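Remarks on the structure that follows.
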Amino acid sequence: MNAQNFIPQHAGSRPAFIEFEHASITYGRGDKAVQALAPTSLRIGEGDFVALVGPSGCGKSTILKMVGELLKPSSGNVFVAGREIGATPIRIGMAYQNPTLLPWLNIRDNVMLPLKIVPPFRHDYRAKRKSEFRDRVETLLAQVGLGGFGDKYPWQLSGGMMQRANLCRALIHDPDLLLLDEPFGALDQFTREELWSIMQDLWLSKKLTVLLVTHDLKEAAYLANRICVMSARPGRILDDSLVDMPRPRTIEMTFEPAFVALNQRLRAMIVDARGGAGIVNAPIHA
Ligand code: ADP
Ligand code: MG
């Protein structure tokens with residue numbers, strides 16, 4: 001593995017799919033104004049897998065909200081698929097730490113939910129062609145190891161299974177872009193590692209662009225091609241490193257010296273960004 005430093009604006013050789021041009025976010029006004037994100041420039045190539053790590057409150061979720069078109073920059077520009085946000089109808093899938101499955105729907109119907117809402121699927125759904133979507137759901141459920149669980153209800157599933165179903169729901173409408181905000185943060189270590197492998201397989205098979213926020217550096221290095229480390233608030237990108245490790249990656253690879261060295265370097269940077277006062281292994285919560 002070869003971990004290199006990159007200037008933050010670098011997007012490698014891929015065409016830019018997401019581009020931040022000195023984009024900042026300030027929440028509130030006047031005395032209550034809080035600059036969450038300092039003017040930030042960032043380019044993410046189509047099909048890339050980028051992880052954002054950094055101290056709590058540094059603006060990671062804010063960046064996801066900007067990319068997901070939930071927030072407009074206070075200054076600067078954000079472009080997605082070459083257009084200003086809002087201008088291009090790209091499909092986005094999102095998954096957060098809390099799977100928020102609807103308790104009164106079984107897993108199949110929970111996963112199908114975006115198809116009721118997102119065009120062009122909405123039309124087919126309304127036209128009562130729901131059965132056509134069933135194969136689609138079954139295929140996806142099987143891909144994450146939930147084959148045959150479509151009839152179960154969320155309460156019948158473990159936390160790891162619910163998060164698998166959550167990933168299926170985020171992917172059922174074939175998004176161009178997947179936004180993940182600490183999706184595996186509440187799971188135990190072994191379940192989390194299983195989910196990493198599943199997430200990697202999904203990315204390898206679907207070739208979509210993924211932006212992952214995580215406080216787990218091992219997770220970032222296992223899953224991502226690039227890791228951006230952010231400073232404490234107001235957030236800016238301190239470091240942008242390539243994770244040049246072959247795919248598919250395995251847990252065994254995370255014990256290799258180059259992987260461990262990358263982890264230690266990033267960890268030192270985050271401890272520093274937190275003001276150096278952090279307990280070494282304390283998780284950095286969102
Ligand atoms: P992270 O995900 O890195 O933990 P966030 O992006 O959620 O951080 O938040 C960045 C900073 O902006 C935090 O200090 C947070 O308190 C503040 N913030 C987030 N959302 C709002 C909001 N709607 N109004 C005011 N402040 C906010
Ligand atoms: Mg957050």
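Things worth noting here:
- Checking every one of the trypsin sites (Lys or Arg not before Pro) in region 17-89 against DSSP loop status and a limit of 12 other Cβ atoms within 10 Å picks out Arg29.
- Between the beta carbons of Lys32 and Arg83, assuming R0 = 35 Å, the FRET efficiency works out to 0.60 to the nearest 0.05.
- Loop-located trypsin sites (Lys or Arg not before Pro) in region 132-219 (DSSP state not H, G, I, E or B) with no more than 13 neighbouring Cβ atoms inside 10 Å: Lys207.
- Between Ser205 and Ser75, the simple spin-label model (points 7 angstrom out along Cα→Cβ) gives 4.6 nm.
- Between the amide H of Glu46 and those of Phe17, distances stay under 5 Å, these residues lying 5 or more places away or on another chain, with hydrogens modeled in the peptide plane.
- Beta bridge orientation in the chain: antiparallel %, DSSP, nearest 5: 55 percent
- Shown in residue order for region 239-254 are the 3J(HN,Hα) couplings computed by the Karplus curve 6.51 cos²θ - 1.76 cosθ + 1.60 at θ = phi - 60°: 8, 9, 10, 8, 9, 9, 10, x, 10, x, 7, 10, 4, 4, 4, 6 Hz (x for Gly and Pro).
- Taking the C-alpha atoms only, the angle from helix 257-273 to the longest principal axis of the chain is near 70 degrees.
- Counting all C-alpha pairs of region 34-77, share separated by more than 18 Å (%): 28 percent
- Counting Lys and Arg as +1 and Asp and Glu as -1 over every other residue whose Cβ lies under 9 Å from the Cβ of Leu115, the net charge comes to +3.
- For the chain, built as a Gaussian network whose Cα springs stay under 10 Å, the top-fluctuating residue of Ala232, Ala221, Ala268: Ala268
- For the cross-link pairs Lys32/Lys206; Lys152/Lys206; Lys72/Lys206; Lys60/Lys207, the ones whose C-alpha atoms lie over 32 Å apart are Lys32/Lys206.
- Of every Cα-Cα pair in region 192-284, the percent that sits beyond 19 Å: 42 percent
- Distant-in-sequence amide contacts of Met230, defined by a placed amide H-H separation under 5 Å and a gap of 5 or more residues or a different chain, comprise Val53, Gly54, Leu238.
- FRET efficiency for Ala186 and Phe255, using Cβ-Cβ distance with R0 set to 22 Å, rounded to 0.05: 0.35
- Computed over the chain with a Gaussian network model linking Cα atoms closer than 10 Å, the most mobile of Val78, Val137, Val118 is Val118.
- Charge dipole magnitude, Cβ of K and R +1, D and E -1 - the chain, Cα centre, debye nearest 20: 760 debye
- The chain - Rg and Dmax from Cα coordinates, angstrom: 19.0, 58
No value in this document is a laboratory result; all are computed from the given coordinates. Keep in mind that this is a model prediction, so the values were computed, not measured. Please note: Cβ atoms are built from the backbone with ideal geometry, for glycine as well, and neighbour counts cover all protein chains shown.
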